[in-house]
Amino acid sequence: MKLWSEIHLIVPETPFSLRTMSNQTLVTEFVLQGFSEHPEYSVLFFSCFLSLYFVALTGNILIILAIAFNPGLHTPMYFFLFNLATMDIICTSSVIPKALEGLVLEENSISYGGCMAQLYFLTWAASSELLLLTVMAYDWYAAICHPLHYSTLMSKAFCGTLAAGVWVLCAFNTAIHTGLMLHLNFCGPNVITHFFCEVPPLLLLSCSSTYVNSIMIVLADAFYGILNFLMTIVSYGFIISSILKMRTVEGKKKSFSTCSSHLIVVCMYYTAVFYAYISPVSNYSAEKSELAGVLYTMLSPTLNPLIYTLRNKEVRAALRKLSPFFRN
């Protein structure tokens, strides 16, 4: 990756909204390459993505409504599931509408401000989901390993603090990355080799030094991808150990079935994250990143409500009360 260390003066914007840097013009919009390399599949991609978006929105909204209007689901587990569904809606809504537009139009452009906004909300929701999965793993750990003290360990105040901490911490972290991105200059190619604005391909387009950005990415990877993942693994290590120590087979089955849905979601989400992002920016692969992007911005938000609904009797019962469709 080529880096520039020169410092240039930015002159005021012209009436045509073009910014100039020295004798070069700074880009005011980007072009999302998306899936334009395979135009023969555009109709197929559009149909699949539109279907995934519809299912993701419908499923997550139904989970939010079911939990909000059913007092029996006002417990820590469903409180965190409520937050997860909200994050999924933000994540998928920040990406799929623009991706669908790109499949219809020959050239999918996005303004500089729009790109930064998409980057912020997507990164905020995705990073919040990683942290929330760890919090949910701790919730299962408290429920299975310390059942007698569960109500004390997971009080309403503590759960609210955990959820607020996830949202605020990730909003602050995302603000730092977006702020650093705003300080970069983009004066050359403006084609993003992805179907949404993402940090690695944007850094490759910058014509100013990205050293600080790269350092912050390494720190974020270490926290979200490694430390966070290890805490989740440790929680499940204690959970599995406690389940194996149970005397009855029925008790083991019941305990494992209650946390297996969450384990499936954790494995699916971290697989996409590790596949795409736990690598240097210089080793960025457009094809690999696009595949991972589909997994965590489209497939994961679609499957999450299905996984939790199909494997959870309480949620299914709440949905039956909520909608006549589920009573059949």
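The values are calculated or read from the model by the stated rules, or taken from the named source; none is laboratory data. Predicted model, so just to flag it, every value in this text is computed and none were measured. Glycine gets a Cβ as well: all are built from the backbone with ideal geometry, and neighbour counts include every protein chain shown. All accessible areas refer to the heavy atoms of the entire protein, side chains included, with ligands and DNA or RNA removed. Shrake-Rupley method; radii C 1.70, N 1.55, O 1.52, S 1.80 Å.
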Tell me, which longest segment in the chain has none of the trypsin sites (Lys or Arg not before Pro) that fall in DSSP loops with at most 15 further Cβ atoms within 10 Å? 3-244
Protein chains only, probe 1.4 Å: how do 120, 269, 211 rank by accessible area, largest first? 211, 120, 269
Taking a 1.4 Å probe, which of 183, 146, 177, 194 shows the most accessible area, and what order do the others take after it? 183, 146, 177, 194
Out of residues 5 or more away from residue 208 or on other chains, whose amide H comes under 5 Å of its own, with H placed 1.01 Å from N in the peptide plane? 4, 185
Cβ-Cβ cut-off under 15 Å around residue 247, Lys and Arg +1, Asp and Glu -1: the net charge is +3
Under a 1.4 Å probe, counting only protein heavy atoms, residue 136 has an accessible area in Å², nearest 10, of 10
Not counting ligands, DNA or RNA, and with a 1.4 Å probe, what is residue 229's accessible surface area in Å² rounded to the nearest 10? 60
Please compute P(r) over all alpha-carbon pairs of the chain, binned at 20 Å starting from zero, and give each bin as a whole-number percent. 29, 53, 18, 1
Percent of beta bridges antiparallel (DSSP, the chain, rounded to nearest 5): 80
Distant-in-sequence amide H partners of residue 26 (H built 1.01 Å from N, under 5 Å): 19, 20, 21
In square angstrom, rounded to the nearest 10, how much accessible surface does residue 37 have for a 1.4 Å probe? 120
The correct ranking of 319, 148 by accessible area at 1.4 Å, largest first, is 148, 319
Summed residue charge, Cβ within 12 Å of residue 38's Cβ, Lys/Arg positive, Asp/Glu negative: -4
In order through the range 133-138: 3J(HN,Hα) via Karplus (6.51 cos²θ - 1.76 cosθ + 1.60), integer Hz, x for Gly, Pro: 4, 5, 4, 5, 5, 5
Enumerate the calculated ³J(HN,Hα) couplings along the range 161-173 in order (Karplus 6.51 cos²θ - 1.76 cosθ + 1.60, θ = phi - 60°), each rounded to whole Hz, writing x wherever the residue is Gly or Pro. 5, 4, 5, 5, x, 4, 5, 5, 4, 6, 5, 5, 4
Restricting to lysines 8 or more places apart or on different chains, can you count the pairs in the chain with Cα atoms under 27 Å from each other? 13
The chain: relative contact order from alpha carbon pairs under 8 Å, six or more residues apart, as a whole percent, is 26
Helix-derived mean residue ellipticity, 222 nm - over the chain, DSSP H n ≥ 4, -39500 (n - 2.57), to 500: -21500 deg cm²/dmol
Let me see the P(r) profile for the range 96-189: every Cα-Cα distance counted, bins of 5 Å, each bin given as a percent of all pairs. 2, 11, 15, 15, 13, 12, 9, 7, 6, 4, 3, 1, 0
So who's got an amide H within less than 5 Å of the one on residue 191, skipping anything under 5 residues away but keeping other chains? H placed 1.01 Å off N, in plane. 31
Using a 10 angstrom cutoff on alpha carbons, build the Gaussian network for the chain and name the most mobile of 151, 206, 36. 151
Residue by residue through the range 140-156, the couplings from Karplus 6.51 cos²θ - 1.76 cosθ + 1.60 with θ = phi - 60°, in Hz, x for Gly and Pro, are 5, 4, 5, 5, 8, 8, 9, x, 6, 10, 4, 4, 7, 5, 10, 5, 4
